[in-house]
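Colleague: Got a structure for you, written out below as structure tokens; questions coming shortly.
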Amino acid sequence: MPAALRRYRDLLRTPGVGRVAVPSVIGRLPTGMLTLLFVLVVAAGTGSYGAAGLATAANSALTAVVGPVLGRLADRGRAVGVLVWCGLAQAALLVGLVLALRAGGSAWLAVVLAGLAGAVNPPIDPVTRAVLPRIAPKHVHMAYALDAIAVELTYVVGPAVVGLITALADAYVATLVAAVVTAAGAIGLATAAPVRRGWPAPPAPGRRRVSPVRSAGMLVVLAVAGLASVAYGLMEVAIPAHAAVEGHADEAGLLIAVWSAGSIAGGLWYAGRTFRTPPWRQYGILMLGNVAGFGVILLQQNLWTLAVLLLFAGLFVAPTTTLEFTLVAQLTPDESRAEAFTWANTAVYLGFAAGSALAGTALEPVLGTPHGLTVAGACAVGVVAAGAAVAWAARGTLRPAGATTG
């Protein structure tokens with residue numbers, strides 16, 4: 001572990017890294033808040049959980065669809081403007097959503113405002129992942145590992161912040177806080193010197209700008225990440241449902257947090273290691289680890305054993321995410337990297353939404369029974385196994401140009 005700590009220290013001491021990392025973490029905190037907030041404020045304002053679900057879906061869908069466009073604009077030298085205007089626009093739309101609901105606005109107005117907020121979601125993730133290798137070229141692996149861990153922390157800290165604010169005030173106030181944090185993080189990142197000076201990255205001599213989704217390897221990463229996200233979407237519905245069946249619905253958040261804690265531990269370990277196996281070969285291996293992680297969940301006997309098994313299952317999540325970031329960076333030219341990372345986000349958003357929808361439709365009759373988690377877990381294992389098969393069978397397409405075949 002001391003070696004890993006030294007690597008993190010060296011990364012964080014690299015000029016510009018802290019200035020990018022801090023606003024990036026702050027700006028992404030609302031990502032872990034908004035799903036819960038949309039459910040709370042829209043249901044409170046309209047009296048309909050159906051409207052709350054539609055608002056959440058509209059937000060995720062438009063984030064997935066518009067994200068690559070924002071990433072492409074960032075790559076074309078407009079990263080600063082996109083971050084600033086999207087941060088301010090999303091903040092304004094969240095404030096507008098609160099005002100509309102407090103004034104008795106319709107459910108459809110809430111859905112539209114939530115969807116528009118997704119359409120202008122600041123591209124903080126892709127800009128961060130595109131700029132870090134430029135300012136810390138010797139610590140790329142550590143940078144992506146740190147970013148993967150930051151993503152996990154977002155989904156732990158975000159809901160906790162919502163819970164604290166709603167306990168002291170209400171969900172409307174929590175939404176206004178999310179609006180302020182979104183704007184502050186986006187503007188903070190936009191004003192960082194590495195971002196202001198980092199674009200546009202010119203294409204290599206003799207090469208035109210090419211969409212990253214024209215890369216066969218990139219399409220494999222998108223497919224595998226999407227399939228894995230279907231499993232996560234399934235389980236994030238099935239676990240709370242199972243906790244409710246066991247009579248401990250209030251412990252669902254703790255179970256999800258334990259899952260994330262395992263992921264953080266796995267990410268810290270993975271980043272501190274040096275592997276001889278190249279990333280394009282590691283992907284299939286780590287996906288097999290995820291199959292095992294989801295598989296052990298089927299062995300749960302009660303909530304205590306489920307928590308222990310989720311801790312183990314989480315060990316493979318952040319390492320896989322770190323590796324996906326690395327592969328995306330290796331498979332796409334520098335001048336298209338922000339767009340490439342937005343496509344990766346799109347695959348994750350759509351996969352997660354598909355998994356949640358599957359849990360809420362086809363699996364809804366069984367999720368309220370003692371065997372619901374087992375059925376959902378078996379479906380998740382199957383989906384992740386399909387992703388592992390794709391990663392393993394198509395591993396040759398993940399090899400960067402010029403890499404050896406060993």
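Matching residues to (1) within 23 Å of A344 (Cα to Cα); (2) modelled with pLDDT of 85 or more; (3) in contact with a Cys (Cβ under 8 Å, 6 or more places away or on another chain):
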| site | (1), (2), (3) |
| --- | --- |
| S48 | no, no, no |
| A52 | no, no, no |
| A64 | yes, yes, no |
| V69 | yes, yes, no |
| A79 | yes, yes, no |
| W85 | yes, yes, no |
| A91 | no, yes, no |
| L94 | no, yes, no |
| L97 | no, yes, no |
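Colleague: Then there is this: Is it the case that A193 is within 24 Å of A353 (Cβ to Cβ), among the small types (G, A, S), modelled with pLDDT of 85 or more and surrounded by fewer than 23 Cβ atoms within 10 Å (Cβ to Cβ)?
Modeller: On the way: within 24 Å of A353 (Cβ to Cβ): no; among the small types (G, A, S): yes; modelled with pLDDT of 85 or more: yes; surrounded by fewer than 23 Cβ atoms within 10 Å (Cβ to Cβ): yes.
Criteria not met by A193.
Colleague: Separate question: When you check I256 against the structure, is it within 22 Å of H371 (Cβ to Cβ) and crowded, with 18+ Cβ neighbours inside 10 Å, yes or no? Walk me through it before giving the result.
Modeller: Numbers: within 22 Å of H371 (Cβ to Cβ): yes; crowded, with 18+ Cβ neighbours inside 10 Å: yes.
Spelling it out, I256 is indeed within 22 Å of H371 (Cβ to Cβ) and crowded, with 18+ Cβ neighbours inside 10 Å.
Colleague: Continuing with the same structure: Scan L109, L94, L99 and give me the residue that is part of a helix (DSSP H, G or I), assigned by TED's automatic domain parsing to the domain that holds T166 and closer than 17 Å to R28 by Cα. Explain how you work it out, then say what you get.
Modeller: Values: L109 fails: closer than 17 Å to R28 by Cα; L99 fails: closer than 17 Å to R28 by Cα.
From the options L109, L94, L99, the qualifying one is L94.
Colleague: Might you check whether a residue that is in contact (Cβ under 8 Å) with a residue 60 or more places away in the chain, surrounded by 18 or more Cβ atoms within 10 Å (Cβ to Cβ), within 24 Å of V258 (Cβ to Cβ) and of a type outside the set (F, W, Y) occurs anywhere in the stretch 331-348?
Modeller: Looking through the stretch 331-348, at least one residue is in contact (Cβ under 8 Å) with a residue 60 or more places away in the chain, surrounded by 18 or more Cβ atoms within 10 Å (Cβ to Cβ), within 24 Å of V258 (Cβ to Cβ) and of a type outside the set (F, W, Y).
Colleague: Inside the stretch 146-199, can you point out the residues that are part of a helix (DSSP H, G or I), more than 16 Å from L29 (Cβ to Cβ) and without any contact (Cβ under 8 Å) to a residue 60 or more places away in the chain?
Modeller: A167, L168
Colleague: In the stretch 267-341, which helices (runs of 4 or more DSSP H) lie fully inside it and hold 1 or more residues that are touching a Pro at 6+ places or on another chain (Cβ under 9 Å) and of a type outside the set (D, E, K, R)? Write out each step before concluding.
Modeller: Details: elements: 279-297, 303-314, 317-331.
Those helices (runs of 4 or more DSSP H) span 279-297, 317-331.
Colleague: Do you know which residues across the stretch 246-263 are in contact with a Pro (Cβ under 7 Å, 6 or more places away or on another chain) and modelled with pLDDT of 85 or more?
Modeller: Selection gives nothing.
Colleague: For the stretch 371-381, check the following and say yes or no: at least one residue is assigned to a helix (DSSP H, G or I) and at pLDDT below 90. Break it down into steps so the answer makes sense when it comes.
Modeller: First, the residues of the stretch 371-381 that are assigned to a helix (DSSP H, G or I): 372-381.
Remaining after also requiring at pLDDT below 90: 372.
Yes: one or more hits.
Colleague: What number of residues in the stretch 13-49 are within 29 Å of T63 (Cβ to Cβ), without any contact (Cβ under 8 Å) to a residue 40 or more places away in the chain and not in a loop (DSSP other than H, G, I, E, B)? It would help to see each step written out before you state the result.
Modeller: Start the filter on the stretch 13-49 by keeping residues that are within 29 Å of T63 (Cβ to Cβ), which leaves 16-49.
Subsequent filtering for residues that are without any contact (Cβ under 8 Å) to a residue 40 or more places away in the chain retains 18, 35, 39, 43, 47, 49.
In the following step, the residues that additionally are not in a loop (DSSP other than H, G, I, E, B) were identified as 18, 35, 39, 43, 49.
Total satisfying the criteria: 5.
Colleague: If L11 satisfies every condition in (1) in the same structural domain as T175 (by TED's automatic domain parsing); (2) buried (at least 20 other Cβ atoms within 10 Å of the Cβ) but one, which is the exception?
Modeller: L11 satisfies every listed condition except (1).
Colleague: Can you report the number of residues in the stretch 245-261 which are touching a residue at least 24 places away in the same chain (Cβ under 8 Å), over 18 Å from T154 (Cβ atoms) and part of a helix (DSSP H, G or I)? Working first, answer last.
Modeller: Of the stretch 245-261, the ones touching a residue at least 24 places away in the same chain (Cβ under 8 Å) are 245-246, 248, 251, 253-261.
So of that shortlist, the ones also over 18 Å from T154 (Cβ atoms) come out as 245-246, 248, 251.
Right, trim to part of a helix (DSSP H, G or I) and you get 245, 251.
Adding up the residues that qualify gives 2.
The values are calculated or read from the model by the stated rules, or taken from the named source; none is laboratory data. This one's a predicted model, so the numbers in the text were calculated from it and none came from an experiment. As a convention, Cβ positions derive from the backbone with ideal geometry for all residues, glycine included, and neighbour counts pool all protein chains shown.
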